[in-house]
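Here is the structure we will look at, set down as structure tokens.
The values are calculated or read from the model by the stated rules, or taken from the named source; none is laboratory data. Predicted model, so just to flag it, every value in this text is computed and none were measured. All Cβ positions, glycine included, derive from the backbone under ideal geometry; neighbour counts span all protein chains shown. Just so you know, the surface numbers come from the protein's heavy atoms only, side chains and all, with ligands and any DNA or RNA stripped out. Shrake-Rupley method; radii C 1.70, N 1.55, O 1.52, S 1.80 Å.
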Amino acid sequence: MSETPMSRAGTAEPDYSLWLFGYGSLIYKTGFAFMERRPASITGWARRFWQGSHDHRGTLETPGRVATLVPQAGAVCHGMAYLITPDVLEGLDVREKNGYRRVVTDLYFDDGERSETLVYMATEGNEAWLGEASALEIARQISTAAGPSGPNRDYLLMLADSIREMGHDDDHVEAIEQALLALEGRAGGS
Ligand code: BEZ
């Protein structure tokens, strides 16, 4: 974990920093202060749209689907790492209480450096867990869901764009994106 001194004598500022890894909306939208933002990856975890969302991208009646991580040997999940102070986590813990917990894992920056990172993931069996489904089933659900954070389709399309902009591929996300665009009559994307 990074140990960047940040406190000044006589202030209540946190005196250390840590890396937070984002693989979902955190790639393109933070809403918190950070000191550095760097493309990075974690290994042994695959991004999957298997977590339900009734508080951000859906409702209790029509839950949406958002990304979580599932263990998978050999998998590499590309995302964005943020160097933050620990007070940021208080806000995130409230924002992401819908089934997510914190895990510490190795972090690999795209430039070859390494560190450790905190990552939020929703594990199988949590109250909002939806689990595996085909790309088409997931796309159908995403196409009809919307919540306080906006339409579920926007979350998917912004995530897919962000992963591409970082120069990476995610077959799972792309398959759902293509299925969604086909449902919207925009097969092939535009
Ligand atoms: C993410 O974007 O990485 C993320 C956002 C909310 C909860 C968990 C992960």
Which one of 73, 40 is open to solvent by 50 Å² or more (accessible area, probe 1.4 Å) and farther than 23 Å from residue 143 by Cβ? 73
I want to confirm something. Restricting to region 174-190 and keeping residues that are farther than 17 Å from residue 134 by Cβ and among the charged types (D, E, K, R), which single residue is modelled with the lowest pLDDT? 186
Test residue 164 against the criterion of being free of Cβ contacts under 8 Å to residues at least 40 places away in the same chain, closer than 15 Å to residue 47 by Cα and of a type outside the set (Gly, Ala, Ser), and give yes or no. yes
Specify which of the listed residues (142, 84, 138) is away from the ligand (no atom under 12 Å from the Cβ), farther than 18 Å from residue 48 by Cβ, of a type outside the set (D, E, K, R) and buried (at least 20 other Cβ atoms within 10 Å of the Cβ). 84
May I ask you to list the residues in region 97-134 that are open to solvent by 30 Å² or more (accessible area, probe 1.4 Å), within 14 Å of the ligand (Cβ to nearest atom) and at pLDDT 95 or above? 129
Among the residues of region 56-79, write down those that are in contact (Cβ under 8 Å) with a residue 40 or more places away in the chain and either within 11 Å of the ligand (Cβ to nearest atom) or part of a strand (DSSP E or B) (or both). 56, 57, 64, 65, 66, 67, 68, 69, 70, 77, 78, 79
Check residue 94 against each of (1) surrounded by 15 or more Cβ atoms within 10 Å (Cβ to Cβ); (2) at pLDDT below 95 and name the one condition it does not meet. (1)
Enumerate the pairs (first residue in region 28-52 and touching a residue at least 24 places away in the same chain (Cβ under 8 Å); second residue anywhere and open to solvent by 50 Å² or more (accessible area, probe 1.4 Å) and of a type in the set (Gly, Ala, Ser)) with beta-carbon separation below 8 Å, excluding pairs fewer than 6 apart on the same chain, so at least 6 apart or on different chains. 43/74; 44/73; 44/74
When residues of region 145-161 are limited to those that are of a type in the set (A, V, I, L, M, F, W, C) and in contact (Cβ under 8 Å) with a residue 40 or more places away in the chain, the one surrounded by the fewest Cβ atoms within 10 Å (Cβ to Cβ): 158
Which residue is nearest to residue 59 (Cα to Cα), if the candidates are limited to region 94-132 and must be small (Gly, Ala, Ser) and without any contact (Cβ under 8 Å) to a residue 12 or more places away in the chain? 125
I'd like the residue in region 26-55 that is within 11 Å of the ligand (Cβ to nearest atom) and β-branched (Val, Ile, Thr) and, out of all such residues, is farthest from the chain's Cα centre (by Cα). 42
